[in-house]
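One structure is given here, and the rest of the page talks about it.
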Amino acid sequence: MPWTDFTCPDGWGIKIEDCLKKCRMDCGRCVSKPTLMAMAAGRRKWENKISATQGLNGTRLEYLKIKHDFAEAPVSRAFALLGTFHHAKHEKLEIPEALQEEFMEDELGTGFFDYYDPEEKTLWDFKTAGSYKVVKALGFEKVDVPTDEVYKSGAKKGQPKTRTEWRKGTPDIFEWQMQLSRYAWMIQDAKFPVERCLVQATVRDFSAMTSRTYGLDRQIYVIEIPMLPREEVVSFYLQKQQALLDALFDGEMPPPCSDRETWDGRRCAGYCPVWQRCDVGVKAHGQTEPAEEVA
Ligand code: SF4
Ligand code: SF4
């Protein structure tokens with residue numbers, strides 16, 4: 001993928017290779033050289049096959065990332081880096097018989113799973129995620145419960161007060177479930193049985209306040225992820241791979257990413273590295289001067 005540049009804290013860009021040679025800022029590096037090198041090493045070249053994680057992103061986002069060089073600020077990659085360091089620590093552990101950090105490929109695309117335990121026939125994925133994502137994955141939903149009190153002053157005077165409760169509902173795990181099911185079927189195809197899929201989720205923003213707000217009582221959760229049927233997984237990735245290949249072949253911008261893919265618009269407004277080339281991203285940033293390719 002053509003992630004070619006870093007964006008410095010003053011907003012200017014620099015080629016990644018130039019940054020690694022010498023920082024252009026008088027005040028010094030925004031993050032350390034080894035961290036920048038780890039980020040640069042994590043870049044993947046597009047080889048006409050969609051990866052399990054790419055398939056979860058919007059086709060437009062992936063199309064723009066493949067077609068155009070883009071920049072990302074090292075400081076905005078902090079959470080992605082947490083995951084990288086987490087994996088790097090595990091890679092150093094030697095666990096007999098276990099499969100770790102293996103790259104897989106089939107006609108549908110590629111995948112890179114974290115850890116497979118052949119004795120327990122279990123596939124693990126190690127994630128760092130915010131409290132909100134974890135609480136949703138655990139299947140809790142926010143409910144405003146009326147109290148006996150009313151507001152005594154202000155704009156809500158006379159209205160009943162409510163308190164927030166998290167109640168058990170349906171787990172919100174679409175992405176984790178699709179990604180792990182994809183790996184699980186690839187591992188099964190390689191003749192390793194998978195009976196369980198588990199996500200080990202480290203709550204990256206755990207604090208006294210977030211634990212109170214979200215009702216979380218620990219920093220690491222192990223969450224069971226039911227494996228989806230093969231046909232559902234194949235059909236999802238087949239459709240995503242074809243849509244991306246067609247768009248690249250025709251040179252035609254795909255439709256905007258869906259609400260799920262944009263995290264209800266938050267990605268377009270703050271976390272999409274190619275927003276300048278997309279009308280939705282330009283609008284989300286309150287700008288009117290887009291880069292050249294805008295749908
Ligand atoms: S280290 Fe940070 S501030 Fe320095 S050139 Fe690279 S991106 Fe810019
Ligand atoms: S700005 Fe939003 S809709 Fe546009 S490519 Fe990025 S994530 Fe997709």
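No lab work stands behind these numbers, since they all come straight from the coordinates. The structure displayed is predicted, hence computed values, not measured ones. When we count neighbours, we look across all protein chains shown, and the Cβ atoms used for this are built from the backbone with ideal geometry, even at glycine.
Using the charge dipole of the chain (Lys, Arg: +1 at Cβ; Asp, Glu: -1 at Cβ; taken about the Cα centre), state which of Ala38, Ser211, Phe112 has its Cα farthest towards the positive end.
Ser211
Please list 154-164, 56-66 highest first by mean number of surrounding beta-carbon atoms within 10 Å per residue. Intermediate values should be presented prior to the final figure.
Details: 154-164: 9.9, 56-66: 23.0.
Ranked by mean Cβ neighbours within 10 Å, highest first: 56-66, 154-164.
What is the sum of charges, Lys and Arg at +1 and Asp and Glu at -1, for the other residues whose Cβ falls under 10 Å from the Cβ of Asp69?
Working: positive: Lys15, Lys65, Lys67; negative: Asp5.
My count for the surroundings of Asp69 gives +2.
For Phe192, Phe70, which order do you get if you count the other beta carbons within 10 Å of each Cβ and list the fewest first?
Phe192, Phe70
For Arg212 and Trp12, compute 0.36 nm times the residue count separating them, minus their Cα-Cα distance, and round to one decimal in nm.
68.0 nm
Could you give the length gained by full extension between Asp264 and Glu252, i.e. 0.36 nm per residue of separation minus their alpha carbon distance, to one decimal place?
1.9 nm
Past the 30 Å Cα-Cα mark, which pairs from Lys67/Lys283; Lys67/Lys191; Lys21/Lys65; Lys65/Lys142; Lys33/Lys121? Mind showing how you got there, number by number?
On the way: Lys67/Lys283 21 Å; Lys67/Lys191 37 Å; Lys21/Lys65 25 Å; Lys65/Lys142 35 Å; Lys33/Lys121 39 Å.
Checking Cα-Cα distances, Lys67/Lys191; Lys65/Lys142; Lys33/Lys121 exceed 30 Å.
Quick check: net charge around Ala201, other residues with Cβ under 14 Å of its Cβ, Lys/Arg +1 and Asp/Glu -1?
-2
Grab the DSSP H runs of the chain that are 4 residues or longer, score each as -39,500 (n - 2.57), total them, divide by all residues and round the 222 nm result to the nearest 500 deg cm²/dmol.
Calculated at 222 nm, the ellipticity per residue is -10000 deg cm²/dmol.
Under a plain spin-label model, where a point goes 7 Å from the Cα along Cα-to-Cβ, how far apart in nm are Arg29 and Glu231?
With each label point 7 Å from Cα toward Cβ, the separation is 5.3 nm.
Tell me, in nm to one decimal, what length is gained between Lys191 and Glu102 on full extension, where the rule is 0.36 nm per residue of separation less the Cα-Cα distance?
30.6 nm
What is the sum of charges around Leu238, taking Lys and Arg as +1, Asp and Glu as -1, for the other residues whose C-beta is under 14 Å from the C-beta of Leu238?
On the way: positive: Lys49, Arg182, Arg230, Lys240; negative: Asp106, Glu107, Glu231, Glu232, Asp246.
Neighbour charge sum, excluding Leu238 itself: -1.
Compute the distance from the alpha-carbon center of the range 193-247 to that of the range 12-51, in whole Å.
The distance from the Cα centre of the range 193-247 to that of the range 12-51 comes to 28 Å.
Using unit Cβ charges (K, R positive; D, E negative) and no other charged atoms, how large, in debye to the nearest 20, is the dipole of the chain about its Cα centre?
Dipole size: approximately 1320 debye.
Could you work out the relative contact order of the chain, using alpha carbon pairs under 8 angstrom and six or more residues apart, expressed as a whole percent?
Answer for the chain is 19 percent.
Hey, got the dipole for the range 144-295? About the Cα centre, +1 on K and R Cβ, -1 on D and E Cβ, debye to the nearest 20?
900
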